[in-house]
Amino acid sequence: MPWLQVSACPSRSSRPLADVPRWRLAPRPEDVPRWRLAPRPRSTAVALGLVLGLATDTFVADPRRAHPVAGFGRAAALLERGTWRPSRRAGVLHVVALVVPLTCAGAWLDRRLRRHPWARGGLTAVTSWAVLGSASLAREASALAVELDRTDLPAARLRLPALCGRDPQLLDAAGLARAAVESVAENTADAAVAPLVWGALAGTAGLVGYRAVNTLDAMVGHRSERYLAFGWAAARLDDLLTLLPARLTAVLAVAFAPAVGGSSARAWRVWRRDAGAHPSPNAGPCEAAFAGALGNRLGGPTVYPYGCSQRPWLGEGGDPGPADVRRAVRLSRLVTLGAVGLTTGARLAARPR
């Protein structure tokens, strides 16, 4: 039956794409102008978590017991009983054994929650609150300033170990104030800016990894006879991870100097002139920028329980007093706010991860 025969000629719909004019084909994504493409989703969970973590750190005091960082410190001290040797290799193994599992666990949790932004943001907020120390730094420095105002040197000396590891019994009022300002400057980078930077870069893994390294540096990164070799790995790794945050701290201190009655030009000049003479590659920029912003002189001989360190003098002007300690606290808070704005802004502008 001829009317049932199917034509062997190809239909118009079966023509190969090569024979179809380009103007009749749907445009490829790479051919569409960028302004016509739908905006890509932004990664807000981590940025929001960092902001909430900083706010919680400001208004919720650290627990006196069962703090996660303190628990990590106890675990590190326990492990040190078996890993300590007077060698750099033993120190490297000690750092790897403590830092790598914790960082990997943070990365695993962050990845598992990638499809659950609210849970991911909550995890980032809780972790940020645990690792940030800007509020406790401000409280301790302000309390020391109150004792100096009262000229109660014994009480002020009892406060100093919460800020730094110097021997307070050898310090007078000016030495205590100078130690407090230097500690606020250095720890603004260590306890606030650096966690925010690494949290923005690597999420939960960056937060816990940096805090673990920084805690180990505080525990074993000394120049004492016991830790000179064993603490080398922790100290060098902490220097590397704080390299960028310390300079960001100095830049923000220069920018906010007028807000505490200082001069940005002087802060910049002192930073560029004096920071390189400091034995620490990261404490130097922070302390020099704060010294210039406050108009004080910092540095000089610094006495630790394991010996005296001859530090260079940083800045111009006289020794700091209680009022200068309070100004340093205000500057630290402004730097922290500037840092959270920059880091979360960079996180929002980055490609979502």
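Some notes on this structure:
- Formal net charge of residues neighbouring GLY133 (Cβ-Cβ distance under 15 Å; K, R +1; D, E -1): -3
- Length released on extending from SER280 to VAL92, taking residue separation times 0.36 nm less the Cα-Cα span: 65.6 nm
- Of the trypsin sites (Lys or Arg not before Pro) found in the range 113-197, the ones in coil according to DSSP and having at most 11 other Cβ atoms within 10 Å of their Cβ are ARG115, ARG150.
- For ASP57, ASP167, ASP149, order by how many other beta-carbon atoms lie within 10 Å, fewest first: ASP149, ASP167, ASP57
- For LEU294, net neighbour charge (Lys/Arg +1, Asp/Glu -1) across residues whose Cβ lies under 13 Å away: +1
- A simple count of charges around LEU334, restricted to other residues whose Cβ falls under 14 Å of its Cβ and scoring Lys, Arg +1 and Asp, Glu -1, yields +4.
- Low-density loop positions, GluC sites (Glu not before Pro), the range 180-241 - DSSP coil, at most 11 other Cβ in 10 Å: GLU225
Values quoted throughout were computed directly from the atomic coordinates according to the rules given, and no laboratory measurement underlies them. These numbers come from a predicted model, not from an experiment. Cβ coordinates were reconstructed from backbone atoms using ideal geometry, including for glycine residues, and neighbour counts include every protein chain displayed.
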